[in-house]
1. Using unit Cβ charges (K, R positive; D, E negative) and no other charged atoms, how large, in debye to the nearest 20, is the dipole of the chain about its Cα centre?
2. Estimate the FRET efficiency between A27 and I97 by the formula 1/(1 + (r/R0)^6), using the beta-carbon distance for r and 30 Å for R0, to the nearest 0.05.
3. Quote the Stokes-Einstein diffusion coefficient, in whole µm² s⁻¹, for the chain, based on the Kirkwood radius over alpha carbon pairs, a temperature of 25 °C and a viscosity of 0.890 mPa s.
4. Counting pairwise Cα distances across segment 10-72, what percent come out greater than 13 angstrom?
5. For segment 98-138, what is one quarter of the convex hull surface built on the Cα atoms, given in nm²?
6. Run the accessible area of the chain with a 1.4 Å probe and give the carbon-and-sulfur part as a rounded percent.
7. Report, to the nearest 10°, how far helix 53-66 tilts away from the longest principal axis of the Cα atoms in the chain, using its own Cα long axis and a range of 0 to 90°.
8. Over the chain, give the accessible area per residue in Å² for a 1.4 Å probe, as an integer.
Amino acid sequence: MALILVRHTRPEGTDGLCYGRLDVPLAASFEEEARALAAGLPPFDHLITSPATRCRRLADWLGARRGLVPLVDHRFQEMDFGRWEGRLWSEIPEGEINAWAEHFFEGRPHGGENVADLADRVGRALTCVRRWPGNILIITHAGVVRAALAAAGQAGAWQASIAYASATWLDGLEAREE
């Protein structure tokens, strides 16, 4: 059994923007990115997606080519950044960002979800889907992939750079990105 987490393709107009639950459009490069990603994926038996449009579009695209209907699972959605959603990072008060950095796991200066809640939600979801037979592909977000890497025990997981349209394999406690 392989568990493969895929970050959605590049969104449009999000440079410097804080977005987690915010529904943002995808870039015109969607089809090209999706084809390149699909070429490197192994066969999979289950296809799960975050409810975000940027994930569902990729899941629907892959599912149509593999004969699978994606299962929408809210546990794989990105962190809720509360009142920071849709704001430029440069416009968020420095004191709020510093407060979050000082209390990274427990802090929620934005009023949304904290990292500990994200990690707990993702950990519970992974425990459930790991019971399924066969290969599982999950279309999700960078924060969720980081939470999964942390759950797998990877050092530096919360600082990991997760590229758009990249796949991260979780095999037991091992993780690798391609």
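The values are calculated or read from the model by the stated rules, or taken from the named source; none is laboratory data. It should be emphasised that the depicted structure is a prediction, and the values quoted were computed from it without experimental measurement. Don't worry about glycine lacking a Cβ; one is built from the backbone with ideal geometry, like all the others, and counts go over all protein chains shown. To get the accessible areas, we keep the full protein, side chains included, count just its heavy atoms, and leave off ligands, DNA and RNA. Shrake-Rupley method; radii C 1.70, N 1.55, O 1.52, S 1.80 Å.
1. The dipole of the chain has a size of about 600 debye.
2. For A27 and I97, the calculated efficiency is 0.70.
3. 148
4. It works out to 64 percent of all Cα pairs.
5. 3.5
6. Answer for the chain: carbon and sulfur cover 52 percent of the accessible area.
7. For 53-66 against the chain, the angle is about 10 degrees.
8. Value for the chain: 47 Å² per residue.
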